[in-house]
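The values are calculated or read from the model by the stated rules, or taken from the named source; none is laboratory data. What you see is a predicted model, and the numbers here were worked out from it, not measured in a lab. Reconstructed Cβ throughout: ideal geometry from the backbone, glycine too, with neighbour counts over all protein chains shown. Please note that ligands, DNA and RNA were not included when accessible areas were found on the heavy atoms of the full protein model with its side chains. Shrake-Rupley method; radii C 1.70, N 1.55, O 1.52, S 1.80 Å.
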Amino acid sequence: MTREGALLVMVGAAVLLLALGVVAWRRRTRRDAGLTAPVGAIPAGATTTGSADGFYVATTRHGEPLERLAIRHLGFRSRVAVTVTDAGVALDLPGAPDLFVPRERIDDVALANVAIDRVVEPGGLVRLTWRADTSGEASADASGDASAAQVAVDSYLRPQDGSARTLANQIAATLPASSSPSSSTPTGADS
């Protein structure tokens with residue numbers, strides 16, 4: 001095979017891999033199109049109890065830390081400014097609208113060390129378990145149960161300057177019947 005032939009084979013293989021990646025991402029975005037991020041600002045009158053700058057790693061289905069969800073505004077890793085208030089948790093990601101997870105939607109906060117393609121020291125990630133809407137609006141089903149229109153997801157945060165435990169403790173303190181955040185298994189899921 002000539003040099004030009006080898007080059008054409010390598011370019012063809014690269015184009016094929018890129019095309020497969022695009023097709024896979026489009027299928028994922030269609031699959032997750034019904035899930036919506038909690039867009040909104042911190043409510044007026046909410047008291048800030050903590051904050052941290054760091055990295056937003058990913059949002060996954062609850063208990064599946066290696067299955068990224070392609071939720072609009074939460075599909076890609078980025079920097080984040082986390083603000084913890086007595087009303088919930090705000091995430092400020094560059095290029096995205098303000099995101100606010102109300103305290104009523106937060107199910108748990110724990111420490112993890114694995115999410116998607118990020119592996120860190122034990123307890124280096126904060127896993128925030130919350131309920132995402134499965135449609136554009138948080139609507140109740142026929143029985144009046146608003147949680148039926150929601151699905152549990154895990155968002156992973158990596159504080160840059162402070163410790164993950166400190167951020168997790170700040171979030172846990174705002175939750176009803178708060179307790180210290182649990183450590184988790186190496187996969188990021190509770191044991």
Subset tally (residues that are in a strand (DSSP E or B) and under 21 Å from ASP161 (Cα atoms)) for segment 61-109: 13
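Of everything in segment 54-70, what is surrounded by fewer than 20 Cβ atoms within 10 Å (Cβ to Cβ) and among the hydrophobic types (A, V, I, L, M, F, W, C)? Give them in sequence order. Show your work before the answer.
Residues of segment 54-70 surrounded by fewer than 20 Cβ atoms within 10 Å (Cβ to Cβ): 54-55, 61-64, 66-67, 70.
Passing the criteria: PHE55, LEU66, ALA70.
Return the residues of segment 110-125 that are within 19 Å of GLY162 (Cβ to Cβ) and either in a strand (DSSP E or B) or modelled with pLDDT of 95 or more (or both); say none if nothing qualifies. I'd like the intermediate steps shown before the answer.
At the first step, the residues of segment 110-125 found to be within 19 Å of GLY162 (Cβ to Cβ) are 110-113, 115, 118, 120-125.
Correct list: ALA110, LEU111, ALA112, ALA115, ARG118, LEU125.
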Sole exception among (1) open to solvent by 10 Å² or more (accessible area, probe 1.4 Å); (2) out of contact with any Gly (no Cβ under 9 Å at 6 or more places or on another chain); (3) among the hydroxyl-bearing types (Ser, Thr, Tyr) for THR83, by number: (2)
Subset tally (residues that are outside any loop (DSSP other than H, G, I, E, B) and either without any contact (Cβ under 8 Å) to a residue 60 or more places away in the chain or of a type outside the set (Gly, Ala, Ser) (or both)) for segment 16-50: 20
Given (1) modelled with pLDDT of 90 or more; (2) open to solvent by less than 60 Å² (accessible area, probe 1.4 Å), index of the condition ASP107 fails: (2)
Top-ranked residue of segment 18-44 - restricted to ones that are open to solvent by less than 50 Å² (accessible area, probe 1.4 Å), among the small types (Gly, Ala, Ser) and at pLDDT below 85, ranked as nearest to THR60 (Cα to Cα): ALA37
Residue under evaluation GLY75, criteria (1) open to solvent by less than 70 Å² (accessible area, probe 1.4 Å); (2) over 22 Å from ARG131 (Cβ atoms), criterion not met: (2)
